[in-house]
Amino acid sequence: MVGNVIVGQSGGPTSVINSSLAGVVKTARDRGAQKVYGMLHGIKGLLDGQYVDLSVKINSDMSIDLLKRTPSSYLGSCRYKLPEVNEDKTVFEKIFKTLDELNVKYFFYIGGNDSMDTIKKLSDYAAVVNSDIKFMGVPKTIDNDLAVTDHTPGYGSAAKYIAATMKEIIRDGLVYDYPTITIVEIMGRNAGWLTAAAALAKGEDCEGVDMIYLPEKVFDIDKFMARVKEMSAKGKSMVIAVSEGIKVADGRYVFELSDHVEFVDAFGHKQLSGSAKFLANKIGAELGIKTRAVELSTMQRCAAHMTSRTDITEAFNVGGAAVKAAFEGQTGQVVVLKRISDDPYMCITETHDVHDIANVEKKIPLEWITDDDYVTEDLIHYMRPLIQAELSPIMVDGLPRHLNVNF
Ligand code: F6P
């Protein structure tokens with residue numbers, strides 16, 4: 001194996017994204033990589049000359065074990081969109097100059113559909129300038145909205161946290177002898193996969209959530225209010241899951257119906273937050289029912305104490321598979337998971353052309369959403385294996401231990 005490796009993380013973090021980093025670093029070293037560099041804050045950091053030699057921090061089996069259990073993006077992240085080559089070629093020249101100076105021959109980027117745009121542009125540019133650097137995408141996102149792959153690493157753990165937290169919120173939310181409404185807002189942007197995970201709460205010991213509102217369907221506020229009124233008139237307390245991305249018929253997000261501060265990132269994504277609060281206020285004001293809004297926010301993507309072992313293992317494996325594929329000569333590809341069996345659940349890794357994956361959003365098929373604002377058994381069946389098994393935190397002084405980030 002000739003040349004060095006560089007790896008970066010991009011987009012929103014997950015609680016297992018560092019397991020993919022561990023998979024890249026360990027597999028690259030096991031297969032003879034001389035040096036493994038880490039970009040700090042992804043491609044944006046690299047452009048600013050920010051990178052580190054990872055042998056300084058990740059240099060033992062213990063550091064790999066801790067890294068797998070460390071939430072958030074260990075190397076830092078960015079939401080940075082590379083220009084098109086014909087818009088600004090100098091950006092590409094700068095990146096390739098830095099890679100050549102570091103003798104990097106293998107480039108790995110751990111991210112979602114926006115981040116795969118970076119792999120697409122860099123591998124396309126490499127082909128134009130006849131560079132032999134291999135560019136590989138390593139999938140991650142709690143949103144589970146990446147095309148082609150069965151699911152994305154990061155989703156299973158966030159889904160497990162959401163389902164477990166929902167069980168607790170439901171216990172609390174049904175406690176009084178008068179009706180109350182609890183509205184829980186869940187991330188996932190324009191895809192409802194994460195919010196749908198609220199359905200996993202239902203079981204022998206839990207009534208489950210009453211309604212689930214996903215961004216795949218137009219949100220009808222009047223129908224929603226009527227339903228809440230009807231159920232609470234019967235004395236029923238309710239717990240309702242809503243996606244941060246629900247929209248009304250005119251295309252506005254629900255949170256945009258109230259005053260809010262608009263933040264838009266480089267990919268044109270608005271910061272989605274406040275739908276649960278808006279709906280809770282509306283119910284309180286118009287129906288006079290006690291309501292509470294819970295925004296799971298960052299917690300759902302950094303709850304490393306509640307990860308799915310299935311997820312953390314797959315996250316590690318996709319990192320390893322990316323290294324193997326690149327070392328064998330592949331470039332401009334993304335590692336994807338292919339489900340080959342449901343019972344027992346089994347997934348294998350494959351690689352797929354990045355052009356089919358970059359910037360594409362995979363949503364929940366409409367036939368998996370019911371007319372009474374819930375999800376089908378098929379969707380539950382798809383999600384259930386992804387939350388299975390646990391990886392215990394390494395506890396020190398009563399708290400989970402993480403790998404110290406201090407470059
Ligand atoms: O892309 C993953 C994600 O967690 C989305 O679910 C969410 O809308 C977004 O990131 C939030 O991003 P940020 O932390 O940059 O506001």
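The values are calculated or read from the model by the stated rules, or taken from the named source; none is laboratory data. Just so you know, these numbers come straight off a predicted model, no measurement behind them. Using ideal geometry, Cβ is built from the backbone for each residue, glycine included, and neighbour counts are taken over all protein chains shown. Side chains are part of the model used for accessible areas, which takes the heavy atoms of the whole protein and leaves out ligands, DNA and RNA. Shrake-Rupley method; radii C 1.70, N 1.55, O 1.52, S 1.80 Å.
Of note:
- Residue in segment 95-105 that is touching a Gly at 6+ places or on another chain (Cβ under 7 Å) and assigned to a strand (DSSP E or B) present: yes
- Close contacts from segment 321-334, counting a first residue that is at positive phi and a second that is open to solvent by less than 40 Å² (accessible area, probe 1.4 Å) and of a type in the set (S, T, N, Q), with Cβ to Cβ under 8 Å and a gap of 6+ residues or different chains, come to Gly332/Ser123.
- Matching residues in segment 107-138 - criterion: being touching a Leu at 6+ places or on another chain (Cβ under 8 Å), away from the ligand (no atom under 16 Å from the Cβ) and in a strand (DSSP E or B): Phe107, Phe135
- Restricting attention to segment 13-33, the residues that are open to solvent by less than 10 Å² (accessible area, probe 1.4 Å) and part of a loop (DSSP other than H, G, I, E, B) total 3.
- Checking each residue in segment 209-238 for being crowded, with 20+ Cβ neighbours inside 10 Å and part of a helix (DSSP H, G or I) picks out Phe224, Val228, Ser232.
- Checking each residue in segment 76-106 for being touching a residue at least 60 places away in the same chain (Cβ under 8 Å) and out of contact with any Leu (no Cβ under 9 Å at 6 or more places or on another chain) picks out Ser77, Cys78, Arg79, Lys81, Leu102, Asn103, Val104, Tyr106.
- Out of Val56, Val52, Val36, one residue alone is over 21 Å from Arg301 (Cβ atoms), among the aliphatic types (A, V, I, L, M), more than 16 Å from the ligand (Cβ to nearest atom) and open to solvent by 60 Å² or more (accessible area, probe 1.4 Å). It is Val56.
- Where Ser123 falls short, out of the listed (1) modelled with pLDDT of 95 or more; (2) closer than 27 Å to Ser297 by Cβ: (2)
- In segment 394-405, the count of residues that are over 19 Å from Ile17 (Cα atoms) and open to solvent by less than 50 Å² (accessible area, probe 1.4 Å) is zero.
- Residue within segment 70-80 that is crowded, with 16+ Cβ neighbours inside 10 Å and outside any loop (DSSP other than H, G, I, E, B) present: no
- Sole residue being more than 27 Å from Ile369 (Cβ to Cβ), acidic (Asp, Glu) and at pLDDT below 95, chosen from Asp343, Asp265: Asp265
- Within segment 166-192, considering residues that are among the β-branched types (Val, Ile, Thr) and more than 16 Å from the ligand (Cβ to nearest atom), the one nearest to Ile212 (Cα to Cα): Ile183
- Cβ-Cβ contacts under 6 Å between residues 6 or more apart (or on different chains), taken from a first residue in segment 367-384 that is open to solvent by 40 Å² or more (accessible area, probe 1.4 Å) to a second residue that is acidic (Asp, Glu), are listed as Trp368/Asp378.
- Set side by side, the residues Ala266, Ala303, Ala241 differ, and just one is under 23 Å from the mean Cα position of the chain (by Cα), small (Gly, Ala, Ser), within 16 Å of the ligand (Cβ to nearest atom) and open to solvent by 20 Å² or more (accessible area, probe 1.4 Å), which is Ala266.
- Residues in segment 249-263 that are open to solvent by less than 40 Å² (accessible area, probe 1.4 Å) and within 13 Å of the ligand (Cβ to nearest atom): Tyr253, Phe255.
- Residue match in segment 329-338 (condition: in contact with a Ser or Thr (Cβ under 6 Å, 6 or more places away or on another chain), outside the structural domain of Arg69 (by TED's automatic domain parsing) and away from the ligand (no atom under 16 Å from the Cβ)): no
- Cβ-Cβ distances below 6 Å connect the following pairs, each with a first residue in segment 139-152 that is assigned to a loop (DSSP other than H, G, I, E, B), a second residue that is within 14 Å of the ligand (Cβ to nearest atom) and among the aromatic types (Phe, Trp, Tyr), and a separation of six or more residues or different chains: Ile142/Tyr155; Asn144/Tyr155; Asn144/Trp193.
- Remark: pairs (first residue in segment 233-258, in the same structural domain as Lys167 (by TED's automatic domain parsing); second residue among the acidic types (Asp, Glu) and within 16 Å of the ligand (Cβ to nearest atom); Cβ separation under 6 Å; 6+ apart in sequence or on different chains) = Val242/Glu185; Glu244/Glu185.
- Test: residue in segment 355-364 that is assigned to a loop (DSSP other than H, G, I, E, B), farther than 29 Å from Ser115 by Cα, of a type in the set (Val, Ile, Thr) and at pLDDT 95 or above: no
- Scan of segment 275-293 for residues that are more than 16 Å from the ligand (Cβ to nearest atom) and open to solvent by less than 60 Å² (accessible area, probe 1.4 Å), ordered by number: Phe278, Leu279, Ala280, Lys282, Ile283, Gly284, Leu287, Ile289, Thr291, Ala293
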